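Participant: Dropping a structure here in structure tokens format, bear with me for questions.
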Amino acid sequence: MRDDQGKRAPVLSARDLHVYYDKVHAVQGISLDVHAGEVVAILGANGAGKSSAMRALMGLVPVRSGSVLLEGTSIDALRSDQRVARGLGYSPEGRRVFGDLTVHENLQMGAYVVNDRDEVSARVETVYGMFPRLRERTRQLAATLSGGEQQMLAIGRAMMRRPKVLMLDEPSLGLAPVMVKVIYQTLQRIREQGLTLLLSEQSAHIALAVADRAYVFENGRVAFSAPAQDLRNDPALRASYLGA
Ligand code: ATP
């Protein structure tokens with residue numbers, strides 16, 4: 001969809017979102033845009049509202065006010081499963097995989113709406129191409145995978161739907177540095193294939209290495225947003241907004 005000036009609308013937008021948990025005002029007027037082919041990072045400390053904002057985009061928490069737009073059209077009235085059907089992919093914090101299913105079954109579940117078996121097989125192959133370690137473990141139960149492997153599986157499963165935008169909540173959380181490197185190398189490749197990504201991270205330097213743009217959240221608000229390059233290259237900016 002195009003706007004008045006004929007420009008292509010962002011794939012995903014938040015407009016002045018507010019989320020409350022009882023009296024806790026967790027998201028206090030967040031606005032952001034994710035354009036096709038971009039990798040956008042949401043950075044911020046513990047409790048800054050990153051997960052809550054993502055859940056609001058997915059329709060997983062009630063939004064008090066504000067709006068979520070997919071390709072310029074409001075999706076506020078849609079349930080989360082309907083948002084998934086429209087092209088939002090999401091891998092939550094804590095990488096929830098189906099522990100009593102195999103790696104292969106988890107991936108197949110990711111594309112359960114696709115009836116064409118050849119198409120499902122082709123998509124599984126694409127994921128195995130990205131994460132060879134998953135191919136080696138195709139018959140292994142997901143519960144027995146390492147944390148990093150479960151993260152790969154969670155990302156792979158979300159990719160099975162070929163989402164218009166893939167949201168990853170803290171993909172590096174709790175992983176050994178070597179695993180974080182593997183995950184981010186793969187995100188780099190996913191990015192090179194043109195997939196649109198929105199990821200949240202506490203570890204700014206990791207996310208800034210792959211991101212095009214970043215939003216820094218503080219206490220439920222956007223404190224700052226800029227091209228990732230600016231934050232990478234300017235130690236004073238990083239010190240002001242990221243404490244590093
Ligand atoms: P983290 O990296 O620790 O997950 P975050 O930036 O993702 O942090 P949120 O998890 O969105 O932040 O939390 C934002 C605020 O909302 C915090 O003050 C948190 O305590 C509060 N909060 C989050 N979930 C709930 C909930 N289910 N009930 C009550 N308060 C919540």
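The values are calculated or read from the model by the stated rules, or taken from the named source; none is laboratory data. None of the values given here were measured: they were computed from a predicted structure. We place every Cβ from the backbone using ideal geometry, glycine too, and count neighbours over all the protein chains shown. Side chains are part of the model used for accessible areas, which takes the heavy atoms of the whole protein and leaves out ligands, DNA and RNA. Shrake-Rupley method; radii C 1.70, N 1.55, O 1.52, S 1.80 Å.
Participant: So how far apart, in nm, are the two label points at Leu78 and Glu192 if each is 7 Å from Cα heading toward Cβ?
Facilitator: Label-label distance for Leu78 and Glu192, simple model: 3.1 nm.
Participant: Follow-up question, since we're still on this one. Need the full-extension length gain, Arg221 to Arg162, defined as separation in residues times 0.36 nm minus the C-alpha distance. One decimal, nm.
Facilitator: Length gained between Arg221 and Arg162: 18.2 nm.
Participant: Right, here's the next one. As a test, work out the antiparallel percent of DSSP beta bridges whose residues both lie in the chain, rounded to the nearest 5.
Facilitator: Just about 60 percent of them are antiparallel.
Participant: Separation of segment 226-240 and segment 76-103 by C-alpha centroid, Å?
Facilitator: Value for the Cα centre distance between the two parts: 32 Å.
Participant: Would you compute, from DSSP H runs of 4+ residues alone, the mean residue ellipticity of the chain at 222 nm, taking -39500 (n - 2.57) per run and dividing by the full residue count, rounded to the nearest 500?
Facilitator: Calculated at 222 nm, the ellipticity per residue is -11000 deg cm²/dmol.
Participant: I would also like to ask the following. What trypsin sites (Lys or Arg not before Pro) in segment 1-88 are in a loop by DSSP, with at most 15 other Cβ atoms within 10 Å of the Cβ?
Facilitator: Answer in residue order: Lys7, Lys23, Arg64, Arg79.
Participant: Provide the FRET efficiency to the nearest 0.05 for the Arg86-Lys23 pair, computing r from the beta carbons and using R0 = 41 Å.
Facilitator: Details: r = 32 Å, r/R0 = 0.79.
So, using R0 = 41 Å, E works out to roughly 0.80.
Participant: Using alpha carbons only, how many degrees (0 to 90, rounded to 10) separate the axis of helix 147-159 from the longest principal axis of the chain?
Facilitator: 80 degrees
Participant: Across 10 Å bins from the origin, how do the percents of Cα pairs in the chain run, short distances first?
Facilitator: 8, 32, 36, 20, 4, 0
Participant: Quick one: with all protein chains in place, what share of the accessible area of segment 12-242 is carbon or sulfur, to the nearest percent (1.4 Å probe)?
Facilitator: Numbers: 5120 of 10460 Å².
Carbon and sulfur: 49 percent of the exposed surface of segment 12-242.
Participant: Moving on. Over the chain, what relative contact order in percent results from Cα pairs under 8 Å that are six or more residues apart?
Facilitator: 27 percent
Participant: Here's another thing I want to ask about it. Rounded to the nearest 20 Debye, what is the dipole magnitude of the chain about its Cα centre when Lys and Arg each give +1 and Asp and Glu each give -1 at the C-beta? Numbers along the way, then the final one.
Facilitator: On the way: 30 positive and 26 negative charges, 36 e Å.
That gives a dipole near 180 debye.
Participant: Now a separate question. Over the chain, with a Gaussian network built from C-alpha contacts below 10 Å, which listed residue (Gly89, Gly99, Gly148) shows the highest mean-square fluctuation?
Facilitator: Gly99
Participant: Additional query: Which number gives the lysine pairs in the chain that have C-alpha atoms under 24 Å apart and are eight or more places apart or on different chains?
Facilitator: 4
Participant: So, in nm, how far is label Arg117 from label Gln202 when the simple model puts each one 7 Å beyond its Cα toward the Cβ?
Facilitator: 4.5 nm
Participant: Using +1 at the Cβ of each Lys and Arg and -1 at the Cβ of each Asp and Glu in segment 115-244, identify which of Gln229, Leu208, Thr196 lies farthest towards the dipole's positive end.
Facilitator: Thr196
Participant: May I ask you to derive the FRET efficiency for Ser240 and Val178 from their Cβ-Cβ distance with R0 = 25 Å, giving the value to the nearest 0.05?
Facilitator: On the way: r = 31 Å, r/R0 = 1.23.
The formula returns an efficiency of 0.20 here.
Participant: Which order do you get for Asp100, Asp230 if you rank them by accessible area with a 1.4 Å probe, largest at the top?
Facilitator: Values: Asp100 120, Asp230 70 Å².
The residues order as Asp100, Asp230, largest area first.
Participant: What distance in nm separates the two pseudo spin-label positions at Ala36 and Thr126, each 7 Å out from Cα along the beta-carbon direction?
Facilitator: Roughly 1.6 nm, to one decimal.
Participant: If you don't mind, another one. Starting from 0.36 nm per residue, how many nanometres of slack lie between Asp230 and Met109 once their C-alpha separation is accounted for? Walk me through the intermediate numbers first.
Facilitator: Details: separation 121, 0.36 × 121 = 43.56 nm, distance 3.97 nm.
Computed gain between Asp230 and Met109 is 39.6 nm.
Participant: Using only Cα atoms, find the angle between the long axis of helix 117-130 and the longest principal axis of the chain, and express it within 0 to 90 degrees, rounded to the nearest 10.
Facilitator: Around 70 degrees separate the two axes.
Participant: Excluding ligands, DNA and RNA, what is the solvent-accessible area per residue of the chain at a probe of 1.4 Å, expressed in Å²?
Facilitator: 48 Å²
Participant: Rounding to the nearest 10 and keeping the result within 0 to 90°, find how far the Cα-based axis of helix 177-192 lies from the longest principal axis of the chain.
Facilitator: Its long axis makes an angle of about 80 degrees.
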